[in-house]
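*Asks:* This is the structure I have questions about; it appears just below.
Computed from the coordinates by the stated procedures, all read-outs in this text should not be read as laboratory data. Everything numeric here is computed off the predicted structure, so don't read it as measured data. Cβ placement follows ideal geometry from the backbone for every residue including glycine, while neighbour counts extend to all protein chains displayed.
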Amino acid sequence: MKKRQLMCAPNEQVGFKDLTYPVMASLKMDGQRIICGNRDIHSKKYKRCGTAVHKKFHKFLTFAHEHQLVFDAELYSDTLTFSELMSELAPKKHTLHPDIYIQVFDMIPMAAWNAGKGSAPFEERYEAYMKVIQENNYFNKTVFPVTHSSFAGHFVLESFFQTALEQGYEGLITRSPTSPYKHGRATLNEEYMHKFKEWITIDAKIVGYEQSTKMLDDVKGGERTRDATGMLERSHKKETRELVEGIGSVKLISDDGIRFKATRAKDAEFPLEFINWENKDEFIGKYVEAKFQGHGTKDRPRFARITRFRPDKD
């Protein structure tokens, strides 16, 4: 099996009215993305999962190998937090928590995967993986299909999104019924896939900064390594970067004592002094409004963005 990029939704989130209907939508769950094929389970970056994972899903992997199929999926648990799940998936673990299972949301023939093209439309791939998993009795109740519903307009889809949030899910993933499997990130124009998540807003106090950096010119212009999928690797090693005059990230602390980092939202307006590194001390102790999407592996806000100052709280 060739190491190809997994299909991802665009980073930008569009409005429900902006979609081309009909769309197929599923609940978004917070699990560990995996790719299954050739008797192996790998992470998104093609790091092989531990022995405990392979042992539990041996029957599923054998089927995938015998039928030359690749499954795009995730390891998930509805009883563990994301932090607990990642701890359970540590390579040195000899046994896997009984509540961890695989959620399949796409299936591609090995030949099409290796060729990087030629996959059937998503609605056909969806019917195929549903049939495979159901006919094999969910592989001893360890593998489950992600179900998709069809929506003809934005009113019902937005209602489904609100219901998902109320039930504790992260949000929704929408797919175009006619879309192929794209190796890499889908674009807004393609409309193959979209991700909808709720932005959470809190107030937090500035307690520090990290200075901006950029890659050294000789490193940027020289040879660079590529990851398993062929993409250029980003380097954040100190020896490959130099400081520049500007604020990179802002260190914040929430009212309940959680420390996290945030960047400035692109569509927000800030005083010029807040941009320059030499004026950074003027804003220590001031309150800002920050938005983020859920919590990460260390129970800290993910993708935090500062949207405005809160002078009423200073």
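*Asks:* Across the chain, where is the longest run that never hits GluC sites (Glu not before Pro) in a DSSP loop with at most 11 other C-beta atoms within 10 Å?
*Replies:* Here the longest run is 13-222.
*Asks:* Could you give each residue of region 61-73 its phi-based ³J(HN,Hα) in whole Hz, using Karplus coefficients 6.51, -1.76, 1.60 with θ = phi - 60°, and x for Gly or Pro?
*Replies:* Calculated HN-Hα couplings, in order: 5, 4, 4, 4, 5, 5, 9, 6, 10, 10, 10, 8, 7 Hz.
*Asks:* Is there a pair in LYS28/LYS59; LYS131/LYS195; LYS28/LYS117; LYS2/LYS131; LYS28/LYS214 whose C-alpha atoms are over 32 Å apart, and which pairs would that be?
*Replies:* LYS28/LYS214
*Asks:* Something else: Under a Cβ-only charge scheme (Lys and Arg +1, Asp and Glu -1), can you give me the dipole magnitude of region 76-171 about the Cα centre, in debye to the nearest 20?
*Replies:* 420
*Asks:* Whole-Hz Karplus ³J(HN,Hα) for region 244-254, in order, using 6.51 cos²θ - 1.76 cosθ + 1.60 and θ = phi - 60°, x for Gly and Pro?
*Replies:* After applying 6.51 cos²θ - 1.76 cosθ + 1.60, I find 10, 7, x, 7, x, 10, 10, 8, 10, 9, 7 Hz.
*Asks:* Any chance you could give the angle, 0 to 90 degrees and rounded to 10, that helix 154-166 forms with the longest Cα principal axis of the chain?
*Replies:* Long axis of 154-166 versus the principal axis of the chain: about 80 degrees.
*Asks:* Express as a percent, rounded to the nearest 5, the fraction of DSSP beta bridges in the chain (both residues included) that run antiparallel.
*Replies:* So the antiparallel bridges in the chain amount to around 90 percent.
*Asks:* Cross-link list LYS55/LYS92; LYS205/LYS266; LYS3/LYS56; LYS45/LYS182: which exceed 18 angstrom alpha carbon to alpha carbon?
*Replies:* Violating the 18 Å Cα-Cα cut-off are LYS205/LYS266; LYS3/LYS56.
*Asks:* Can you give the alpha-carbon Rg of region 16-197 over 2.2 N^0.38 Å, where N counts its residues?
*Replies:* That works out to 1.03 for region 16-197.
*Asks:* Dipole size in debye (nearest 20) for the chain around its Cα centre, Lys and Arg Cβ +1, Asp and Glu Cβ -1?
*Replies:* 1160
*Asks:* Would you work out which of LEU96, LEU27, MET1 lies farthest towards the positive end of the dipole of the chain? Charges go on Cβ: Lys and Arg +1, Asp and Glu -1.
*Replies:* Final value for the positive-end residue is MET1.
*Asks:* I would also like to ask the following. Residue by residue through region 20-32, what is 3J(HN,Hα) from phi via Karplus (6.51 cos²θ - 1.76 cosθ + 1.60, θ = phi - 60°)? Round to whole Hz and write x for glycine and proline.
*Replies:* 9, 9, x, 10, 10, 10, 9, 6, 8, 10, 9, x, 9
*Asks:* Continuing with this model, one more query. Based on the mean of other Cβ atoms within 10 Å per residue, sort peptides 49-58, 29-38 so the most packed one is first.
*Replies:* Sorting 49-58, 29-38 by mean packing, highest first, produces 29-38, 49-58.
*Asks:* Let me ask something additional. Scan [x] 37, 24, 21; [y] 31, 25, 18; [z] 101, 18, 13 for the value of semi-axes √(5λ) of the Cα gyration tensor in Å calculated from this model and give just the label.
*Replies:* Recomputing semi-axes √(5λ) of the Cα gyration tensor in Å here picks out [x].
*Asks:* Starting from the amide H of ARG264, placed 1.01 Å from N in the peptide plane, find each other amide H under 5 Å away whose residue is 5 or more places distant or on another chain.
*Replies:* Here the answer is ILE306, since their amide H atoms fall under 5 Å of that of ARG264.
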